[in-house]
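K.L.:
Sharing a structure, written as structure tokens. Questions coming.
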Amino acid sequence: MKTNIIIFGGDGDLSLKKIFPALFKRIVDKQISELCRITVVSKSEYTTDTFSDVLELNLKKYVSDITTEQFLLIKQMVIYLQVDLLKNEEYKLIRNSFEETEFEQTLFYFSTPSSIFGEISEYLYKNEIITDTSKVILEKPLGHDLDSFEELNKNIRTYFKESQIYRIDHYLGKETVQNLMVLRFANHLFELAWNGQNIENIQITVAESIGVESRKEFYDKYGALKDMVQNHLLQLLCLVAMEPPSKINSDNVRNEKLKVLKALRPFNEKTVVKNTIKGQYTRGEINGLPVSSYQEDIERYDSPIETFVAIRTYVDNWRWAGVPFYLRTGKRMESRYSEIVINFKKVPHNLFPNGKKIENNKLIIRLQPEERIELVQMVKIPGPGGYRYKPTSLELDYGGSFDKEFPDAYERLLMDVIKGNQTLFMREDELRASWIWINSVTQNWEKSEMELELYKAGTQGPGDEVLLPGHTWHESN
């Protein structure tokens, strides 16, 4: 499809690290036609030629084995427009840039602070650039609480229909997350056991070893809860807990995810203290090297912002009644990994004579840094001496099991936008429901005057014994 891709803020980090590498790979694989155009819009003082030099430098940094011939494929598609995004009259430059060229659709990518999404939408409309075939991709954060989300959403929805809006969460584009749907709904064995009768608890961890780095100002406004839990972790929870949709399409899948969000048990002033932990990293070591504290990193020594959050929550419906869902995310943790762990219940009786503890079966879905799925089960240790047993993993290593290189999450999601598939993008009612639940945390943190717990950089965070009575976090190797 002949598409005009317009990237606002296209000279920024996100664009150069993620968006352009994804577009480049799809162009090389001939999934994006050479007849498409990529227009970079920013107020930086580039020309098309000088931006092309920057683009080549960054593609060689973030994409391996790029040849001159391959770079020319994307270079001839890219133009740069210097535009002040907050000046309505300058949007005529955008309109004039493709007025004499017919495109089947125009894709707007808002790779800018969300605070100006409304203005960009308004000026596109006033300059008659938005058409019925236009689509818009929105990067998070979409608000910092329910009220700000509603205001932002209202501003965008004034100019775009819901069917034109693609709210991106790159976690949903990961191959292993997609495989979660197949794992559940194409395997009778798992779907039969996927309920509170067979599952003891579910753990979702997104751990980062890095600090806040260049995101100091942003992070000290949002914190771990709003930066990670409100979108990434809740979306993973939805895919784990949702009912089977009648068909795999955008409305059916998102309807089921919405039901999960609405069934999440909200917090009050008492339950938020018992079921949540917020922490902030202090000085410590990562890979044997000393690292500074959060307050030193942001150069603000009275910051109340959490860099770690752990939550015990429940999905109050028939399937999951009584099953705790544990969510955990943090900066400066021991290592970088993201995973979902399904902990099945223990066998009701140990009939083996040595009486050694029988471990729970676990299904471990690893999202990063490598993508793999493990099923942990008990097996007999070979040799004489009776029934000696231990937990052993059956492992599907995606990288080692398939010859083809996996597309990056952004590659998949950008192609879905071009094709008009909204299944992996958040609908406005999903975001509204997630903000309502997040508000029940933040408002009751404030009411209860809940304090930060400090943890050393390079550790796994505070308070496990309080949050997980009778349970322990699965810690990956």
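The values are calculated or read from the model by the stated rules, or taken from the named source; none is laboratory data. All values reported here derive from a predicted model rather than from experimental measurement. Don't worry about glycine lacking a Cβ; one is built from the backbone with ideal geometry, like all the others, and counts go over all protein chains shown. Keep in mind that these areas ignore ligands, DNA and RNA; they rest on the heavy atoms of the full protein, side chains included. Shrake-Rupley method; radii C 1.70, N 1.55, O 1.52, S 1.80 Å.
K.L.:
Report yes if some residue within the stretch 415-426 is surrounded by fewer than 17 Cβ atoms within 10 Å (Cβ to Cβ), out of contact with any Asp or Glu (no Cβ under 6 Å at 6 or more places or on another chain) and either over 21 Å from residue 6 (Cβ atoms) or among the hydrophobic types (A, V, I, L, M, F, W, C) (or both); otherwise report no. I'd like the intermediate steps shown before the answer.
P.N.:
Applying the first criterion (surrounded by fewer than 17 Cβ atoms within 10 Å (Cβ to Cβ)) to the stretch 415-426 yields 419-421, 423.
Then keep just the ones that are out of contact with any Asp or Glu (no Cβ under 6 Å at 6 or more places or on another chain); that gives 419-421, 423.
Next, only the ones that are either over 21 Å from residue 6 (Cβ atoms) or among the hydrophobic types (A, V, I, L, M, F, W, C) (or both) stay: 423.
Yes, the conditions are met somewhere in the stretch 415-426.
K.L.:
Looking only at the stretch 119-138, count every residue that is in contact (Cβ under 8 Å) with a residue 40 or more places away in the chain and either of a type in the set (D, E, K, R) or open to solvent by 10 Å² or more (accessible area, probe 1.4 Å) (or both) and tell me the total.
P.N.:
Going through the stretch 119-138, the residues in contact (Cβ under 8 Å) with a residue 40 or more places away in the chain turn out to be 120, 135, 137.
Keeping just the survivors that are either of a type in the set (D, E, K, R) or open to solvent by 10 Å² or more (accessible area, probe 1.4 Å) (or both) gives 135.
Number of matching residues: 1.
K.L.:
Ok, one more. Which fully enclosed strands (runs of 3 or more DSSP E) of the stretch 363-469 have 3 or more residues being touching a Gly at 6+ places or on another chain (Cβ under 9 Å), on the phi < 0 side of the Ramachandran plot and in contact (Cβ under 8 Å) with a residue 24 or more places away in the chain? Show your work before the answer.
P.N.:
Numbers: elements: 372-380, 389-397, 453-456.
The strands (runs of 3 or more DSSP E) meeting that bar are 453-456.
K.L.:
Of the residues that sit in the stretch 32-48 and are under 31 Å from the mean Cα position of the chain (by Cα) and over 21 Å from residue 101 (Cα atoms), which one is most open to solvent (accessible area, probe 1.4 Å)?
P.N.:
Among them, the one singled out is 43.
K.L.:
Taking the stretch 227-252 on its own, how many of its residues are open to solvent by less than 40 Å² (accessible area, probe 1.4 Å) and touching a residue at least 12 places away in the same chain (Cβ under 8 Å)?
P.N.:
Residues flagged as open to solvent by less than 40 Å² (accessible area, probe 1.4 Å) and touching a residue at least 12 places away in the same chain (Cβ under 8 Å) within the stretch 227-252 amount to 17.
K.L.:
Sticking with this one: In the stretch 319-335, what residues are out of contact with any Leu (no Cβ under 9 Å at 6 or more places or on another chain), hydrophobic (A, V, I, L, M, F, W, C) and either open to solvent by less than 10 Å² (accessible area, probe 1.4 Å) or modelled with pLDDT under 95 (or both)? Reasoning before the result, please.
P.N.:
Here is the first cut: in the stretch 319-335, the residues out of contact with any Leu (no Cβ under 9 Å at 6 or more places or on another chain) are 319-323, 330-335.
This time we only want the ones that are hydrophobic (A, V, I, L, M, F, W, C), so: 320-321, 323, 333.
Once the filter is applied, which keeps residues that are out of contact with any Leu (no Cβ under 9 Å at 6 or more places or on another chain), hydrophobic (A, V, I, L, M, F, W, C) and either open to solvent by less than 10 Å² (accessible area, probe 1.4 Å) or modelled with pLDDT under 95 (or both), the stretch 319-335 yields 320, 323, 333.
K.L.:
Determine if the stretch 139-147 includes at least one residue that is over 21 Å from residue 431 (Cα atoms), touching a residue at least 24 places away in the same chain (Cβ under 8 Å) and either open to solvent by 50 Å² or more (accessible area, probe 1.4 Å) or in a strand (DSSP E or B) (or both).
P.N.:
Let us first name the residues in the stretch 139-147 that are over 21 Å from residue 431 (Cα atoms), namely none.
No: the stretch 139-147 contains no residue that is over 21 Å from residue 431 (Cα atoms), touching a residue at least 24 places away in the same chain (Cβ under 8 Å) and either open to solvent by 50 Å² or more (accessible area, probe 1.4 Å) or in a strand (DSSP E or B) (or both).
K.L.:
Tell me, yes or no, whether the stretch 309-318 has at least one residue that is open to solvent by 10 Å² or more (accessible area, probe 1.4 Å), among the polar types (S, T, N, Q) and on the phi < 0 side of the Ramachandran plot. Before you say what the answer is, go through the steps one by one.
P.N.:
First, the residues of the stretch 309-318 that are open to solvent by 10 Å² or more (accessible area, probe 1.4 Å): 312, 314, 316-318.
Right, trim to among the polar types (S, T, N, Q) and you get 317.
Remaining after also requiring on the phi < 0 side of the Ramachandran plot: 317.
There is at least one residue in the stretch 309-318 that is open to solvent by 10 Å² or more (accessible area, probe 1.4 Å), among the polar types (S, T, N, Q) and on the phi < 0 side of the Ramachandran plot.
K.L.:
Among (1) polar (S, T, N, Q); (2) touching an Asp or Glu at 6+ places or on another chain (Cβ under 8 Å); (3) open to solvent by 10 Å² or more (accessible area, probe 1.4 Å); (4) assigned to a helix (DSSP H, G or I), there is one condition residue 209 misses while meeting the rest; what is its number?
P.N.:
Among (1) polar (S, T, N, Q); (2) touching an Asp or Glu at 6+ places or on another chain (Cβ under 8 Å); (3) open to solvent by 10 Å² or more (accessible area, probe 1.4 Å); (4) assigned to a helix (DSSP H, G or I), residue 209 violates only (4).
K.L.:
If you don't mind, there's one more thing I want to ask. (1) surrounded by fewer than 20 Cβ atoms within 10 Å (Cβ to Cβ); (2) among the polar types (S, T, N, Q); (3) in contact (Cβ under 8 Å) with a residue 24 or more places away in the chain: which one isn't true of residue 295, the others all being true?
P.N.:
It fails just one condition, (3).
K.L.:
Mind listing whichever residues of the stretch 352-368 are closer than 24 Å to residue 184 by Cβ and of a type outside the set (A, V, I, L, M)? First the steps, then the outcome.
P.N.:
Of all residues in the stretch 352-368, those closer than 24 Å to residue 184 by Cβ come to 359-368.
Correct list: 359, 360, 361, 362, 366, 368.
K.L.:
Do we find that residue 39 is under 24 Å from residue 416 (Cβ atoms) and in contact with a strand residue (DSSP E or B) (Cβ under 9 Å, 6 or more places away or on another chain) in this structure?
P.N.:
Numbers: under 24 Å from residue 416 (Cβ atoms): yes; in contact with a strand residue (DSSP E or B) (Cβ under 9 Å, 6 or more places away or on another chain): yes.
Yes: the conditions hold for residue 39.
K.L.:
Please state which one of 192, 183, 152 is loosely packed, with under 15 Cβ neighbours inside 10 Å and out of contact with any Lys or Arg (no Cβ under 9 Å at 6 or more places or on another chain). Don't jump to the end; show me each part of the working.
P.N.:
Details: 183 fails: loosely packed, with under 15 Cβ neighbours inside 10 Å; 152 fails: loosely packed, with under 15 Cβ neighbours inside 10 Å.
The conditions single out 192.
K.L.:
Here is a follow-up. Please enumerate the residues belonging to the stretch 97-109 that are open to solvent by less than 90 Å² (accessible area, probe 1.4 Å) and either modelled with pLDDT of 95 or more or not hydrophobic (A, V, I, L, M, F, W, C) (or both). Step through it out loud before you land on a result.
P.N.:
Initially, the stretch 97-109 is screened for residues open to solvent by less than 90 Å² (accessible area, probe 1.4 Å), giving 97-98, 101, 103, 105-109.
Within the stretch 97-109, 97, 101, 105, 106, 107, 108, 109 meet the criteria.
K.L.:
Please go through (1) within 16 Å of the chain's Cα centre (by Cα); (2) more than 30 Å from residue 87 (Cβ to Cβ); (3) not in a strand (DSSP E or B) for residue 183 and return the number of the only condition it doesn't satisfy.
P.N.:
It is condition (1) that residue 183 fails.
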